[in-house]
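Enquirer: The structure is given below, and queries will be raised subsequently.
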Amino acid sequence: MRLNNAKSNVSANNIKEFVDWILNIGNDRIGLNENGECVVEIPHDLLIEATKTPLLSLVNFVYPNLLTDMTCPGYFEDGAILCPITESVEQVNDFILSLLSAKEITYLSSDTPCQSYEDREIEGEWFTSEFLNEIKCSRIPNHDLHLKIGVPIMLLRNIDQANGLCNGTRLQVIDLKKNVICATILTRSNIGDKIFISRMNLIPLYAGMPFKFQRRQFPVGYFFAMTINRNQCQSLTKVGLYLPCLVFTHRQLYIDISRVRTKEDYIF
């Protein structure tokens with residue numbers, strides 16, 4: 001597909017090198033050692049040049065003219081910054097949120113242990129509100145959700161599948177009330193429709209957690225940045241990869257670098 005999009009022999013050769021590099025990572029042809037580890041060399045032209053503010057440069061690449069153009073139709077449809085872990089995603093999202101001058105509204109969740117775990121003597125002492133509030137899980141909003149008018153958000157649960165309000169639907173905040181978030185749909189069906197989102201009871205479905213708890217919060221998260229795994233099955237026109245830590249597997253890196261259509265749409 002990338003080769004078919006080439007406009008000249010020079011661009012075709014460059015695209016072929018890019019495709020071969022992607023396929024070598026995806027097909028394990030990258031020199032794994034006996035421990036299954038390797039160092040992947042990133043092409044120089046895909047890296048951000050030396051700068052004192054690399055994260056800002058990454059944001060400017062993926063979201064050019066963010067402060068002036070973020071309200072334009074289609075601005076947030078096809079770009080994203082991808083990270084290997086949730087902590088890195090939060091770092092990027094908090095950084096971008098700090099760049100916006102709009103008033104910040106904080107929504108706090110109500111966290112309670114599920115009934116089947118409340119009666120255990122030892123665990124009953126642990127399940128204080130403070131303990132549950134500190135828990136951060138993938139695909140569930142944090143206890144303190146900070147939002148501003150104009151920021152892009154993503155649904156974390158299916159709300160109304162018939163009307164396109166599914167897990168992963170992208171929206172943009174247009175108003176923030178005490179008990180409801182008003183937003184417009186950016187992707188999938190019904191683009192441009194205004195919807196109202198209320199709080200839901202959310203239970204993390206993380207197999208590694210030895211107990212279950214319920215968080216009542218708005219079922220949304222930012223999508224300035226998202227985890228690599230969250231971005232599977234999506235094609236994007238512009239992607240930035242933020243790597244303050246190592247990716248878990250070469251397959252995870254392959255998922256990330258195979259999201260875009262051309263080499264020029266990608267940067268580390």
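Enquirer: If only one of Leu202, Leu253, Leu241, Leu246 is touching a Phe, Trp or Tyr at 6+ places or on another chain (Cβ under 6 Å) and either at pLDDT 80 or above or under 20 Å from Glu87 (Cβ atoms) (or both), which one is it? Give the derivation first.
Expert: Details: Leu202 fails: touching a Phe, Trp or Tyr at 6+ places or on another chain (Cβ under 6 Å); Leu253 fails: touching a Phe, Trp or Tyr at 6+ places or on another chain (Cβ under 6 Å); Leu246 fails: touching a Phe, Trp or Tyr at 6+ places or on another chain (Cβ under 6 Å).
None of the others qualify; the one that does is Leu241.
Enquirer: Additional query: Is there any pair linking a residue in segment 157-174 that is of a type in the set (Ser, Thr, Tyr) to one that is loosely packed, with under 14 Cβ neighbours inside 10 Å and modelled with pLDDT of 85 or more, with Cβ under 8 Å and at least six apart or on different chains, and which?
Expert: No pair meets every condition.
Enquirer: I need the full set of residues from segment 171-211 which are of a type in the set (Lys, Arg) and closer than 25 Å to Gln115 by Cβ, in order please. Step through it out loud before you land on a result.
Expert: Applying the first criterion (of a type in the set (Lys, Arg)) to segment 171-211 yields 177-178, 188, 194, 199.
Scanning segment 171-211 gives a single hit, Arg199.
Enquirer: Keeping to segment 137-164, report how many residues are outside any loop (DSSP other than H, G, I, E, B) and closer than 26 Å to Phe95 by Cβ. Show your work before the answer.
Expert: Pass one, segment 137-164, residues outside any loop (DSSP other than H, G, I, E, B): 144-148, 152-155, 160-163.
Going one step further and asking which of them are closer than 26 Å to Phe95 by Cβ, we end up with 144-148, 152-155.
Selection size over segment 137-164: 9.
Enquirer: May I pose another question? Say whether the condition of being farther than 23 Å from Gly240 by Cβ and among the aliphatic types (A, V, I, L, M) is met by at least one residue in segment 144-157.
Expert: Yes - at least one qualifying residue is present in segment 144-157.
Enquirer: Would segment 5-15 turn up any residue that is exposed (fewer than 11 other Cβ atoms within 10 Å of the Cβ), in a helix (DSSP H, G or I) and modelled with pLDDT under 85?
Expert: Within segment 5-15, one or more residues are exposed (fewer than 11 other Cβ atoms within 10 Å of the Cβ), in a helix (DSSP H, G or I) and modelled with pLDDT under 85.
Enquirer: Something else: What are the pairs, 6+ residues apart or on separate chains, where a residue within segment 178-196 that is at negative phi and basic (Lys, Arg) has its Cβ under 7 Å from a residue that is buried (at least 18 other Cβ atoms within 10 Å of the Cβ) and at pLDDT 90 or above?
Expert: Sorted first by the residue in segment 178-196, then by its partner, the list stays empty.
Enquirer: Let me ask something else. Filter segment 59-72 for residues that are surrounded by fewer than 21 Cβ atoms within 10 Å (Cβ to Cβ) and touching a residue at least 12 places away in the same chain (Cβ under 8 Å) and give the result.
Expert: Of all residues in segment 59-72, those surrounded by fewer than 21 Cβ atoms within 10 Å (Cβ to Cβ) come to 60-61, 64-72.
Once the filter is applied, which keeps residues that are surrounded by fewer than 21 Cβ atoms within 10 Å (Cβ to Cβ) and touching a residue at least 12 places away in the same chain (Cβ under 8 Å), segment 59-72 yields Phe61, Leu66, Leu67, Met70, Thr71.
Enquirer: Can we say Leu100 is loosely packed, with under 12 Cβ neighbours inside 10 Å, in contact with a helix residue (DSSP H, G or I) (Cβ under 8 Å, 6 or more places away or on another chain) and modelled with pLDDT of 85 or more?
Expert: No.
Enquirer: Now a separate question. On the basis of being modelled with pLDDT of 90 or more and outside any strand (DSSP E or B), does Asn167 make the cut?
Expert: The answer is no for Asn167.
Enquirer: So which residues in segment 84-102 are of a type in the set (Gly, Ala, Ser) and either part of a helix (DSSP H, G or I) or touching a Gly at 6+ places or on another chain (Cβ under 7 Å) (or both)?
Expert: Scanning segment 84-102 gives Ser88, Ser98, Ala102.
The values are calculated or read from the model by the stated rules, or taken from the named source; none is laboratory data. Not measured: the values here are computed from a predicted model. Every residue, glycine among them, receives a Cβ derived from its backbone with ideal geometry; neighbour counts consider all protein chains shown.
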